[in-house]
Amino acid sequence: MKTSEHHATTSSPEGTRALGRALAGVLRGGEILGLSGDLGSGKTCFVHGLAEGLEVGGNSWVRSPTFTLVNEYEGRLPLVHVDLFRVAQGAEMEDLHLEEYFTSGSVCVIEWFERLDAVGVDEFLGIAFRYVDEEHRELRFIPHGRRYEELLAALPGIGGADTTLTC
């Protein structure tokens, strides 16, 4: 199956969060979202919007798990937020037991996904973030697997193949 990319450009942190909220609206649980991009490119801001869209409680402070490595939140669907920036390959990665999260029915969002050791993740939605300037971010949505193609087709404003959305 040919993988088609979908593109979005946001012009503010609120636009990036809005895109996360929109994606949350089409999630059903068990999805793996692999985020990649430089520091400051909007990954954690996007996860804030995703958490809002998943109705994570207002008492939960969604933050980057750079030092805690994994944060779990309760909402309409459970959200697991992983940050692999400081995780070494090999034993340290294995100690996270990410496979258990992948099969838990939670929405698993992994920042620095490109650092993930091979743990049998064949199907996922890759989201590549690019810092354009102080206000603008470009996001590329790359589905890996039919489930993620269908998920993007249902996403308002992104639905068609190789589309571009501006928030």
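The values are calculated or read from the model by the stated rules, or taken from the named source; none is laboratory data. Here the structure is a predicted model, which is why all the values come from computation and not from measurement. Please note: Cβ atoms are built from the backbone with ideal geometry, for glycine as well, and neighbour counts cover all protein chains shown.
Tabulated data for the structure shown
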{"read-out": "A128 modelled with pLDDT of 80 or more and touching a Lys or Arg at 6+ places or on another chain (Cβ under 6 Å)", "value": "yes"}
{"read-out": "Unmet criterion (only one of (1) modelled with pLDDT under 85; (2) surrounded by 15 or more Cβ atoms within 10 Å (Cβ to Cβ)) for E92", "value": "(2)"}
{"read-out": "Filter result for L39 (at pLDDT 85 or above, closer than 20 Å to R130 by Cα and within 11 Å of the chain's Cα centre (by Cα))", "value": "no"}
{"read-out": "Residue check for R140: modelled with pLDDT of 80 or more, surrounded by fewer than 21 Cβ atoms within 10 Å (Cβ to Cβ) and in contact with an Asp or Glu (Cβ under 8 Å, 6 or more places away or on another chain)", "value": "yes"}
{"read-out": "Selected residue (criterion: nearest to L125 (Cα to Cα)) from residues of the stretch 5-21 that are in contact with a strand residue (DSSP E or B) (Cβ under 7 Å, 6 or more places away or on another chain) and assigned to a helix (DSSP H, G or I)", "value": "L19"}
